[in-house]
1. What share of Cα pairs, in percent, lie more than 31 angstrom apart in the chain?
2. Run the simple label-point estimate for Asn198 and Ala67 please: 7 Å along Cα→C-beta, distance reported in nm.
3. Express the Stokes-Einstein translational diffusion coefficient of segment 128-214 in µm² s⁻¹, to the nearest whole number, given a Kirkwood radius over alpha-carbon pairs, 10 °C and a viscosity of 1.306 mPa s.
4. With a 10 Å cut-off between alpha carbons and a GNM built on the chain, which of Ala67, Ala191, Ala84 moves the most?
5. So the label point goes 7 Å from the Cα of Leu30 along Cα→C-beta, right? Which residues of segment 212-231 then have their backbone N under 16 Å from it?
6. How would Ser77, Ser21, Ser101 rank on accessible area, largest to smallest, probe 1.4 Å?
7. Identify which of Val205, Val37, Val19 has the largest mean-square fluctuation in a Gaussian network model of the chain, with springs joining Cα atoms closer than 10 Å.
8. Please list, or write none, the aspartates and glutamates whose alpha carbon is within less than 19 Å of the alpha carbon of Lys152, excluding same-chain residues fewer than 8 places away.
Amino acid sequence: MARIIAIVSGKGGVGKTTVVSNLGIALSKLQKKVTLVDCNVTASHLGFCFGFYYYPKTLNHVLKGEAELADATYQTSSIDIIPASLSLEDLIGLDIGNLRSFLKGIESDIVLLDSAPGLGKEPLSVLQASEEIIFVTIPYMNAIADVIRCYKVVAQFGIDVLGIVLNMVHGYPHELKSSDVERLTGLPVIAEIPYDENVKKSLAVGKCILEFAPFSPASITIKKLASDLTCLLYTSPSPR
(Lines give C-alpha, C1' and ligand atoms only; values in the text may rest on other atoms or scores of the structure.)
Protein backbone atom coordinates (compact mmCIF):
# COMPACT_ATOMS: atom_id res chain seq x y z
CA MET A 1 0.00 0.00 0.00
CA ALA A 2 1.28 3.47 -0.88
CA ARG A 3 2.57 5.84 1.77
CA ILE A 4 0.67 9.10 1.22
CA ILE A 5 2.83 12.06 2.23
CA ALA A 6 1.61 15.64 2.02
CA ILE A 7 4.25 18.29 1.36
CA VAL A 8 2.82 21.46 2.91
CA SER A 9 3.78 24.99 3.81
CA GLY A 10 2.24 27.81 5.76
CA LYS A 11 3.02 30.35 3.05
CA GLY A 12 3.73 30.45 -0.64
CA GLY A 13 7.08 31.15 -2.26
CA VAL A 14 9.14 28.74 -0.15
CA GLY A 15 9.92 26.32 -3.00
CA LYS A 16 7.52 23.57 -1.97
CA THR A 17 6.67 22.43 -5.51
CA THR A 18 10.35 22.36 -6.45
CA VAL A 19 11.05 20.15 -3.44
CA VAL A 20 8.15 17.84 -4.34
CA SER A 21 9.25 17.35 -7.95
CA ASN A 22 12.91 16.74 -7.15
CA LEU A 23 12.26 14.58 -4.11
CA GLY A 24 10.01 12.43 -6.27
CA ILE A 25 12.80 11.89 -8.80
CA ALA A 26 15.34 11.20 -6.05
CA LEU A 27 13.06 8.57 -4.49
CA SER A 28 12.52 6.92 -7.87
CA LYS A 29 16.29 6.58 -8.26
CA LEU A 30 16.20 4.56 -5.03
CA GLN A 31 13.95 2.05 -6.81
CA LYS A 32 10.70 3.40 -5.37
CA LYS A 33 7.59 3.72 -7.51
CA VAL A 34 6.53 7.31 -6.95
CA THR A 35 3.43 9.29 -7.88
CA LEU A 36 3.22 13.07 -7.55
CA VAL A 37 -0.21 14.65 -7.22
CA ASP A 38 -0.73 18.37 -7.81
CA CYS A 39 -3.35 19.20 -5.20
CA ASN A 40 -3.10 22.94 -5.77
CA VAL A 41 -6.11 22.87 -8.07
CA THR A 42 -6.56 26.66 -8.18
CA ALA A 43 -2.91 27.47 -8.95
CA SER A 44 -1.29 24.45 -10.56
CA HIS A 45 2.51 24.64 -10.94
CA LEU A 46 3.86 21.10 -10.70
CA GLY A 47 3.88 20.48 -14.46
CA PHE A 48 6.15 23.49 -15.02
CA CYS A 49 8.96 21.68 -13.21
CA PHE A 50 8.89 19.05 -15.96
CA GLY A 51 8.35 21.34 -18.92
CA PHE A 52 4.65 20.48 -19.33
CA TYR A 53 1.99 23.16 -19.67
CA TYR A 54 -1.04 21.21 -20.89
CA TYR A 55 -2.62 17.88 -20.00
CA PRO A 56 -5.78 16.55 -21.71
CA LYS A 57 -7.06 15.08 -18.42
CA THR A 58 -6.18 16.25 -14.92
CA LEU A 59 -7.01 15.77 -11.25
CA ASN A 60 -9.78 18.30 -11.74
CA HIS A 61 -11.50 15.99 -14.24
CA VAL A 62 -11.08 13.01 -11.92
CA LEU A 63 -12.58 14.85 -8.94
CA LYS A 64 -15.51 15.97 -11.10
CA GLY A 65 -16.16 12.43 -12.30
CA GLU A 66 -15.21 13.28 -15.90
CA ALA A 67 -12.16 10.98 -16.09
CA GLU A 68 -10.65 7.91 -14.50
CA LEU A 69 -7.49 8.19 -12.40
CA ALA A 70 -5.49 6.31 -15.06
CA ASP A 71 -6.55 8.86 -17.70
CA ALA A 72 -5.00 11.70 -15.66
CA THR A 73 -1.75 9.87 -14.82
CA TYR A 74 1.31 10.72 -16.90
CA GLN A 75 4.82 9.31 -16.71
CA THR A 76 7.93 11.45 -16.92
CA SER A 77 11.43 11.23 -15.47
CA SER A 78 10.68 7.72 -14.10
CA ILE A 79 7.78 8.95 -11.97
CA ASP A 80 4.01 9.27 -12.40
CA ILE A 81 2.36 12.67 -12.23
CA ILE A 82 -1.30 13.50 -11.69
CA PRO A 83 -1.47 17.21 -12.58
CA ALA A 84 -4.11 19.79 -11.83
CA SER A 85 -5.65 21.88 -14.56
CA LEU A 86 -4.54 25.38 -15.54
CA SER A 87 -8.00 26.19 -16.90
CA LEU A 88 -10.39 28.30 -14.82
CA GLU A 89 -13.30 26.41 -16.40
CA ASP A 90 -12.12 23.20 -14.75
CA LEU A 91 -12.71 24.75 -11.31
CA ILE A 92 -16.47 24.93 -11.86
CA GLY A 93 -18.27 22.31 -9.79
CA LEU A 94 -15.00 21.00 -8.33
CA ASP A 95 -14.99 19.47 -4.83
CA ILE A 96 -11.54 18.53 -3.55
CA GLY A 97 -13.02 17.33 -0.26
CA ASN A 98 -13.26 13.74 -1.54
CA LEU A 99 -9.59 13.61 -2.57
CA ARG A 100 -8.65 10.69 -0.32
CA SER A 101 -11.13 8.30 -1.90
CA PHE A 102 -9.40 8.73 -5.28
CA LEU A 103 -5.86 8.42 -3.87
CA LYS A 104 -6.60 4.89 -2.68
CA GLY A 105 -6.51 3.79 -6.30
CA ILE A 106 -2.89 4.81 -6.87
CA GLU A 107 -0.51 1.86 -7.15
CA SER A 108 2.83 3.26 -5.95
CA ASP A 109 5.23 2.88 -3.05
CA ILE A 110 5.09 6.58 -2.22
CA VAL A 111 2.56 9.27 -3.15
CA LEU A 112 3.65 12.87 -2.65
CA LEU A 113 0.85 15.44 -2.46
CA ASP A 114 1.85 18.94 -3.53
CA SER A 115 -0.46 21.02 -1.37
CA ALA A 116 -1.58 24.60 -1.79
CA PRO A 117 -0.08 26.86 0.92
CA GLY A 118 -1.99 28.05 3.97
CA LEU A 119 -5.06 26.65 5.69
CA GLY A 120 -7.82 27.10 3.13
CA LYS A 121 -10.12 24.39 1.76
CA GLU A 122 -7.49 22.94 -0.60
CA PRO A 123 -4.72 22.38 1.97
CA LEU A 124 -7.18 21.16 4.61
CA SER A 125 -8.48 18.57 2.13
CA VAL A 126 -4.89 17.49 1.50
CA LEU A 127 -4.31 17.08 5.24
CA GLN A 128 -7.39 14.90 5.51
CA ALA A 129 -6.18 12.77 2.60
CA SER A 130 -2.62 12.27 3.86
CA GLU A 131 -0.97 9.83 6.25
CA GLU A 132 2.25 11.74 6.89
CA ILE A 133 3.40 15.32 6.46
CA ILE A 134 6.59 17.16 5.62
CA PHE A 135 6.71 20.92 6.08
CA VAL A 136 8.74 23.00 3.63
CA THR A 137 9.73 26.47 4.73
CA ILE A 138 12.52 29.05 4.69
CA PRO A 139 14.66 30.14 7.65
CA TYR A 140 12.80 33.33 8.57
CA MET A 141 10.42 33.99 11.43
CA ASN A 142 7.37 34.90 9.33
CA ALA A 143 7.57 31.56 7.51
CA ILE A 144 8.24 29.59 10.70
CA ALA A 145 5.28 31.25 12.40
CA ASP A 146 3.06 29.90 9.61
CA VAL A 147 4.48 26.40 10.14
CA ILE A 148 3.64 26.63 13.83
CA ARG A 149 0.09 27.66 12.96
CA CYS A 150 -0.30 24.80 10.48
CA TYR A 151 1.17 22.30 12.91
CA LYS A 152 -1.54 23.12 15.45
CA VAL A 153 -4.15 22.20 12.86
CA VAL A 154 -2.26 19.05 11.82
CA ALA A 155 -2.20 17.92 15.45
CA GLN A 156 -6.00 17.95 15.47
CA PHE A 157 -6.03 15.51 12.54
CA GLY A 158 -3.63 13.16 14.33
CA ILE A 159 -1.27 12.96 11.34
CA ASP A 160 2.37 12.05 11.81
CA VAL A 161 4.78 14.88 10.93
CA LEU A 162 8.06 13.55 9.56
CA GLY A 163 9.80 16.90 9.97
CA ILE A 164 10.73 20.20 8.38
CA VAL A 165 12.74 20.87 5.24
CA LEU A 166 14.46 24.24 5.44
CA ASN A 167 14.75 25.47 1.87
CA MET A 168 16.84 28.20 0.18
CA VAL A 169 19.29 28.44 3.06
CA HIS A 170 22.03 31.01 2.42
CA GLY A 171 23.74 30.62 5.77
CA TYR A 172 23.45 34.33 6.55
CA PRO A 173 23.86 35.35 10.22
CA HIS A 174 20.35 36.81 10.27
CA GLU A 175 18.72 33.53 9.20
CA LEU A 176 17.24 31.19 11.76
CA LYS A 177 19.38 28.14 12.42
CA SER A 178 18.01 24.59 12.41
CA SER A 179 18.29 24.51 16.20
CA ASP A 180 16.18 27.69 16.41
CA VAL A 181 13.52 26.22 14.12
CA GLU A 182 13.39 22.98 16.10
CA ARG A 183 13.08 24.88 19.37
CA LEU A 184 10.30 27.12 18.04
CA THR A 185 8.26 24.39 16.33
CA GLY A 186 9.03 21.29 18.39
CA LEU A 187 9.70 19.46 15.11
CA PRO A 188 12.94 18.01 13.70
CA VAL A 189 14.64 19.66 10.73
CA ILE A 190 15.27 16.73 8.39
CA ALA A 191 17.10 18.67 5.66
CA GLU A 192 18.64 22.07 4.92
CA ILE A 193 18.59 22.69 1.19
CA PRO A 194 21.09 25.41 0.33
CA TYR A 195 20.17 28.30 -1.95
CA ASP A 196 21.31 27.23 -5.40
CA GLU A 197 21.14 29.46 -8.47
CA ASN A 198 20.91 26.31 -10.58
CA VAL A 199 17.34 25.83 -9.32
CA LYS A 200 16.20 29.00 -11.11
CA LYS A 201 18.08 27.99 -14.24
CA SER A 202 16.47 24.55 -14.21
CA LEU A 203 12.97 26.02 -13.84
CA ALA A 204 13.64 28.37 -16.76
CA VAL A 205 14.24 25.40 -19.07
CA GLY A 206 11.48 23.20 -17.61
CA LYS A 207 13.71 20.67 -15.89
CA CYS A 208 14.15 19.47 -12.35
CA ILE A 209 17.42 20.43 -10.68
CA LEU A 210 18.33 16.74 -10.25
CA GLU A 211 18.35 16.39 -14.02
CA PHE A 212 19.69 19.85 -14.90
CA ALA A 213 22.57 19.88 -12.41
CA PRO A 214 22.68 16.51 -10.58
CA PHE A 215 25.80 17.38 -8.58
CA SER A 216 24.80 20.89 -7.53
CA PRO A 217 24.50 21.64 -3.79
CA ALA A 218 20.69 21.50 -3.84
CA SER A 219 20.64 18.23 -5.78
CA ILE A 220 23.05 16.55 -3.42
CA THR A 221 21.00 17.59 -0.39
CA ILE A 222 17.73 16.39 -1.94
CA LYS A 223 19.28 13.02 -2.77
CA LYS A 224 20.36 12.65 0.86
CA LEU A 225 16.86 13.65 2.02
CA ALA A 226 15.37 10.94 -0.20
CA SER A 227 17.75 8.35 1.25
CA ASP A 228 17.02 9.43 4.83
CA LEU A 229 13.29 9.51 4.15
CA THR A 230 13.34 6.00 2.68
CA CYS A 231 15.02 4.68 5.82
CA LEU A 232 12.54 6.55 8.02
CA LEU A 233 9.47 5.33 6.14
CA TYR A 234 10.44 1.71 5.99
CA THR A 235 11.50 1.34 9.60
CA SER A 236 8.14 2.59 10.86
CA PRO A 237 4.63 1.29 10.23
CA SER A 238 2.18 3.08 7.95
CA PRO A 239 0.09 5.42 10.15
CA ARG A 240 -3.23 4.37 8.64
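1. Working: 4581 of 28680 pairs.
Here the tail beyond 31 Å accounts for 16 percent of pairs.
2. In this crude spin-label approximation the distance works out to 3.3 nm.
3. Numbers: Rh = 14.2 Å.
D = 112 µm²/s.
4. Ala67
5. Label zone hits: 219-231.
6. Values: Ser77 35, Ser21 0, Ser101 75 Å².
Greatest to least solvent exposure: Ser101, Ser77, Ser21.
7. With Cα springs under 10 Å in the chain, the top fluctuation among Val205, Val37, Val19 is at Val205.
8. Reachable aspartates and glutamates: Glu122, Glu131, Glu132, Asp160, Asp180, Glu182.
The values are calculated or read from the model by the stated rules, or taken from the named source; none is laboratory data. In this text, all values refer to a predicted model and were calculated from it rather than measured experimentally. For neighbour counting, all protein chains shown are included, and Cβ atoms are generated from backbone atoms with ideal geometry for every residue, glycine included. Side chains included, ligands, DNA and RNA excluded: accessible areas come from the protein's heavy atoms. Shrake-Rupley method; radii C 1.70, N 1.55, O 1.52, S 1.80 Å.
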